[in-house]
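A.B. asks: One structure follows; several queries about it will come next.
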Amino acid sequence: MRDKIIFYLNGERQEIDAKDAFTSLSTYLRDDLGKTGTKVVCAEGDCGACTVLVANRKNIEEGKLVYKSLNSCITFLHLMDLHSIITVEGIAEKDKLHPVQESMMVNHGAQCGYCTPGFICAMAGMTDNLKLKEKPIDEKTTKNYLTGNLCRCTGYDSIIKSSLAVKLEEVKPLYERYHSDEMLEEFKDLENEDVVLKNNDRQIFLPSRIDDALKLKKEETLLKCTSGATDLGVQINKGRHEMTKVLSLYRVQEMSKIEKKGQEFHIGATATWHDIEKALKNDIPEYSKLIHIFASPQIKNAGTLVGNIANASPIADGTPFLFISEAKVILSSTDGERTVPVTNFYKGYKDLDLKENELITKVIIPIPPKDHFLKLYKVSLRKDMDISAVTFAGLGNIENGKIKSIKIAYGGVGPVVKRLPKTEKLLSGKEWNEKNIGEAVLQVEKEITPISDVRGSAKFRTQVSKNLLMKYYREIQSQYGIEQGK
């Protein structure tokens with residue numbers, strides 16, 4: 001058993017004990033090490049000024065340790081055990097600027113400069129990935145990688161030009177510059193060790209085996225289980241929550257697996273949104289597309305589907321699809337496993353069918369049949385990276401002009417994500433036409449109970465919900481008409 005957090009920072013080995021393990025990575029960099037290149041602006045993981053690059057042994061591709069962007073302001077040091085971290089101070093090679101830095105300077109990609117270190121790190125990570133995959137830099141790729149980085153000065157045009165001007169052949173990848181057989185061997189030797197950190201009344205448990213995690217959940221009271229902590233980090237930074245006893249599963253290797261078994265995906269508790277987006281791209285492309293836009297790369301590289309489920313937000317973007325696909329959550333304890341349909345998992349606002357000694361260890365998602373029509377919508381002020389006012393999921397089976405079956409779910413219209421059984425029953429067996437959908441739209445209003453808040457009034461949410469069902473009909477009608485014409 002180990003009582004230290006071990007990681008490498010810009011190639012140098014670091015050891016952290018219990019008193020610092022609850023500290024955010026950005027605070028450690030700036031206040032403890034004086035590495036003030038990493039900036040903190042929002043402290044919520046929204047702006048990207050605090051972006052750093054991280055990798056561990058799970059991120060090895062073609063023998064290379066591939067670095068991913070992360071928001072250091074909401075990342076705690078205890079989540080960095082056995083990671084290699086690169087900050088903006090480590091992007092340049094000695095006195096020679098990285099080609100990304102050189103291009104940002106030449107093309108006037110910075111004005112006040114406060115956001116610039118985050119952009120530099122995100123762009124350097126992009127060039128690494130593109131070199132590894134032998135793909136060119138283009139505008140769409142640049143925008144995708146920089147979605148999580150905000151700038152209030154440049155209007156982004158000069159930043160995009162800076163990215164496009166980078167010559168990949170001049171880039172010496174970070175995965176080569178910071179490659180260390182000694183570091184990787186140490187990580188391999190230590191990854192099966194449990195880590196326990198205790199400092200007065202604060203404790204952190206980082207088990208390497210699921211059995212040990214379940215035993216801890218049974219024996220320790222008031223134990224907070226975390227994964228990427230992308231929401232919890234915000235709550236702590238804003239003084240709304242304090243951690244005293246933490247259990248994290250990210251060191252349990254089997255928990256990060258995503259497996260396709262028959263017509264189902266089995267997704268482990270620590271599988272990140274980034275990995276889920278890639279894994280589901282071919283079999284459930286509509287869900288993959290939704291994942292692509294609802295969070296930044298930095299958040300998706302840390303956040304998890306299981307964390308999203310456990311957080312139990314009624315406006316969570318990923319949950320309505322789970323309702324209509326009739327996904328199941330696997331709840332594990334020292335007593336065994338329980339399988340609970342996600343539709344039964346939520347008993348009320350933030351009230352889950354989860355016993356004190358249980359952990360969510362897996363989610364099972366059935367793959368929708370190819371002859372069913374799946375559409376997922378989110379309504380928010382911004383297309384990307386914004387909390388929704390209303391979310392919608394629809395899955396219909398239309399045969400010979402009739403609705404054989406249909407499943408409809410909404411988020412943001414009640415204390416939990418909600419299936420609409422009465423609306424579904426009203427449509428089942430009916431002709432697929434605008435008149436019947438119009439009648440169902442009126443039923444939608446009777447089944448939802450939205451509230452008014454900063455993202456929209458109850459009246460607005462009601463109207464949007466009705467509109468989304470009609471949008472579903474019109475989009476599917478267009479697609480269905482094409483199918484009929486074949």
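A.B. asks: Only one of S103, S158 is in contact with a helix residue (DSSP H, G or I) (Cβ under 7 Å, 6 or more places away or on another chain) and either of a type in the set (S, T, Y) or assigned by TED's automatic domain parsing to the domain that holds E61 (or both). Can you tell me which?
C.D. replies: Within the list S103, S158, the selection yields S103.
A.B. asks: Same structure again: Would you confirm whether any residue within segment 214-221 is out of contact with any Pro (no Cβ under 6 Å at 6 or more places or on another chain), farther than 26 Å from D335 by Cα and touching a residue at least 40 places away in the same chain (Cβ under 8 Å)?
C.D. replies: No: zero hits.
A.B. asks: Got a sec? Which of N308, N301 is outside the structural domain of S69 (by TED's automatic domain parsing), modelled with pLDDT under 95, crowded, with 20+ Cβ neighbours inside 10 Å and under 23 Å from I210 (Cα atoms)?
C.D. replies: N308
A.B. asks: Related question: Restricting to segment 357-380, and then to whatever is part of a loop (DSSP other than H, G, I, E, B) and touching a residue at least 40 places away in the same chain (Cβ under 8 Å), can you tell me which residue is nearest to V444 (Cα to Cα)?
C.D. replies: By that ranking, first place goes to S380.
A.B. asks: Just wondering, is there one or more residues in segment 281-297 that are outside any helix (DSSP H, G or I), surrounded by 24 or more Cβ atoms within 10 Å (Cβ to Cβ) and of a type outside the set (S, T, Y)?
C.D. replies: Looking through segment 281-297, at least one residue is outside any helix (DSSP H, G or I), surrounded by 24 or more Cβ atoms within 10 Å (Cβ to Cβ) and of a type outside the set (S, T, Y).
A.B. asks: On to the next question. Could you look through segment 371-421, keep only residues that are closer than 17 Å to I476 by Cα and of a type in the set (S, T, N, Q), and pick out the one that is surrounded by the fewest Cβ atoms within 10 Å (Cβ to Cβ)?
C.D. replies: N400
A.B. asks: So, one more: So, restricting to helices (runs of 4 or more DSSP H) that lie completely within segment 156-222, which ones have at least 2 residues that are under 28 Å from the mean Cα position of the chain (by Cα) and among the polar types (S, T, N, Q)?
C.D. replies: Because the criterion is at least 2 residues that are under 28 Å from the mean Cα position of the chain (by Cα) and among the polar types (S, T, N, Q), the helices (runs of 4 or more DSSP H) in segment 156-222 that meet it are 157-164.
A.B. asks: Would you point out which residue out of D32, D81 is crowded, with 20+ Cβ neighbours inside 10 Å, modelled with pLDDT of 95 or more and of a type in the set (D, E)?
C.D. replies: D81
A.B. asks: OK, next. Taking only segment 312-349 into account, find how many residues are under 26 Å from Y145 (Cα atoms) and assigned to a helix (DSSP H, G or I).
C.D. replies: Of the residues in segment 312-349, 2 are under 26 Å from Y145 (Cα atoms) and assigned to a helix (DSSP H, G or I).
A.B. asks: S162 fails exactly one of the following numbered conditions: (1) among the polar types (S, T, N, Q); (2) touching a Cys at 6+ places or on another chain (Cβ under 9 Å); (3) over 18 Å from I293 (Cβ atoms). What is the number of that condition?
C.D. replies: (2)
A.B. asks: For segment 413-460, how many residues meet the condition of being part of a loop (DSSP other than H, G, I, E, B) and over 27 Å from I387 (Cα atoms)?
C.D. replies: Residues flagged as part of a loop (DSSP other than H, G, I, E, B) and over 27 Å from I387 (Cα atoms) within segment 413-460 amount to 5.
A.B. asks: Of the residues N400, N436, only one is modelled with pLDDT of 95 or more and more than 23 Å from E286 (Cα to Cα); which?
C.D. replies: N436
A.B. asks: Next question, about the same structure. Mind checking whether some residue in segment 165-181 is surrounded by 15 or more Cβ atoms within 10 Å (Cβ to Cβ) and over 19 Å from G90 (Cα atoms)?
C.D. replies: Yes, some residue in segment 165-181 is surrounded by 15 or more Cβ atoms within 10 Å (Cβ to Cβ) and over 19 Å from G90 (Cα atoms).
A.B. asks: Taking segment 111-124 as the region of interest, how many residues are over 12 Å from T142 (Cβ atoms) and either of a type in the set (V, I, T) or part of a helix (DSSP H, G or I) (or both)?
C.D. replies: Total meeting the criteria: 6.
The values are calculated or read from the model by the stated rules, or taken from the named source; none is laboratory data. Note that the structure is a prediction, hence the values are computed from the model and not measured. Every residue, glycine as well, gets a Cβ built from its backbone with ideal geometry; the counts of neighbours run over all protein chains shown.
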